[in-house]
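What follows draws every value from the coordinates through simple rules; no lab data is involved. As the structure is a prediction and not an experimental result, all values here were calculated from the model. Here the Cβ positions follow ideal geometry from the backbone for every residue, glycine too, while neighbour counts run over all protein chains shown.
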Amino acid sequence: MYTSTRRSLLAAGAAALAAPSLLHAQEAFPSRPLRMVVPFPPAGAADFLGRAVGERMSHTLGQQVLIENRSGAGGNIGTQAAAQGDREGYTLLLTGLPFAVNRFLFRSLPFDPERDFDPIALIATVPNLMIVPADSPANTVQEFIAFARKRPGQVNFASIGNGTSLHLAGAQFNNATQLDMVHVPYKETGTANADLMAGRVDVMFQTISAAAGLVRGNKVKALAVTSDVRVTAFGAVPTLREAGVDLVTVGWFGLLVPADVPEARKALLEKQALAAVRDPAISARISDSGCIPRPMDGKAFEAFIDGETRRLGEVVRRAGIVAS
């Protein structure tokens, strides 16, 4: 009698515990707006990509995807905010290269990139343009290398901060060409561009979105693009490899969710994110901005992040880069 009663109580308890999970599984998703945290300032490439993809996902999911810019600390502030978000699939993080690099730049992080997040989809890669002042004596990459080789330690390159994709591109170019260029970090793009145009710095690996107007206005010269293929917006500009330097280095942006989001919800978000990037209208907008659409599912994106972490960790260590 005791055993039978105990079994009944255990069964009832198990049913009670299972009930919320069953209700959770049956609950329509999404049933309210989603939040996409972008840990970078408005008006940049990350913000543009988040809004383009979020707009398409809002339509297909039937709920608005709200963009929340939370910049600061090289992306760490927004990433921490996303890590502390809900585990129901309503919080998304659109992040990029700092997600792989910051663990090497900062003594400690307020989140664990591997433990606290699950990759959903790679959205796009973001190549940089190698630009020099309009009156630079170099008109090609090889001419620039020859110019810099005659002036060891005297040629400098600008970036918008230690550990940014612009800095890492310059450091990798140094390694690939055995040059001794000096890094000059700036706090923001406008000042860096102004000093480049004025000839106070010799070269910069600038994002296409920030360099496009300067190149088209003949205020700077574009010598190469850092991607593995030429970009639509500047089809006449060769890749570094075409210019004789065996180097491909790009920024990138993709979507992640906090860990422990139910698998079915992650699968739905992955499907809708990939559909957004593959939409011809969205893909064209991404290409026109100077980015390269690179839809990649969560599993492949996870492997991609692992590869970037290993590759860029070595770049950071070799160049002795620390957060500014």
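Length available on full extension from L268 to R216: 0.36 nm per residue minus the Cα-Cα distance, which gives 14.6 nm.
Using Cα extents along the principal axes in Å as the read-out, say which of (i) 95, 41, 30; (ii) 67, 43, 41; (iii) 91, 47, 41 was calculated from these coordinates. Working out Cα extents along the principal axes in Å from the coordinates points to (i). What whole number of Å gives the distance from the Cα centroid of region 69-114 to the Cα centroid of region 268-318? A separation of 17 Å, based on Cα centres. Of the beta bridges in the chain, as assigned by DSSP with both residues counted there, near 65 percent are antiparallel. Here each label is just a point 7 Å from Cα along the line to Cβ, and for A284 and E55 those points are 1.3 nm apart.
Given Cβ point charges of +1 (Lys, Arg) and -1 (Asp, Glu) and nothing else, what value in debye, to the nearest 20, does the dipole of the chain about its Cα centre take?
So the magnitude is around 140 debye.
Our summary gives region 217-324 a relative contact order of 20 percent, counting only alpha carbon pairs under 8 angstrom and 6 or more residues apart. Annotation: peptides 194-206, 173-185, ranked by per-residue average of other Cβ atoms within 10 Å with the highest first, follow the order 194-206, 173-185. Please state the shape class of region 127-234: rounded when a/c is under 1.5, otherwise prolate if a/b exceeds b/c and oblate if not, all from the C-alpha gyration tensor. Verdict is rounded for region 127-234. Charges were assigned to the Cβ only: +1 to each Lys and Arg, -1 to each Asp and Glu. The resulting dipole of region 139-283 about its Cα centre is roughly 320 debye. Run the numbers on region 127-234 and let me know its relative contact order in percent, using alpha-carbon pairs under 8 Å that are six or more apart. 45 percent.
Dividing the summed -39500 (n - 2.57) terms of all DSSP H runs of n ≥ 4 by the residue count of the chain sets its mean residue ellipticity at 222 nm at -14500 deg cm²/dmol. Listed by chain and number, the lysines placed with their C-alpha closer than 27 angstrom to that of K266 are K299; residues fewer than eight positions away on the same chain are left out.
In this structure, the amide hydrogen of F29, modeled 1.01 Å from its nitrogen in the peptide plane, lies closer than 5 angstrom to no residue at least 5 positions away or on a different chain. For the chain, the membrane-span-like helix rule (DSSP H, alpha carbon extent of at least 27 Å along the helix axis, mean Kyte-Doolittle at least -1.0) picks out 2-26, 298-319; this says nothing about an actual membrane. Using a simple spin-label model with pseudo-atoms 7 Å out from Cα toward Cβ, A28 and S108 lie 4.5 nm apart. Suppose a student asked you for the relative contact order of the chain, using Cα pairs under 8 Å spaced at least 6 residues apart; what percent would you report? The value is 25 percent.
Rank-order 213-221, 89-97 by packing density, defined as the average count of other C-beta atoms within 10 Å over each peptide's residues, highest first.
Per-residue Cβ counts within 10 Å, averaged per peptide and sorted highest first, yield 89-97, 213-221.
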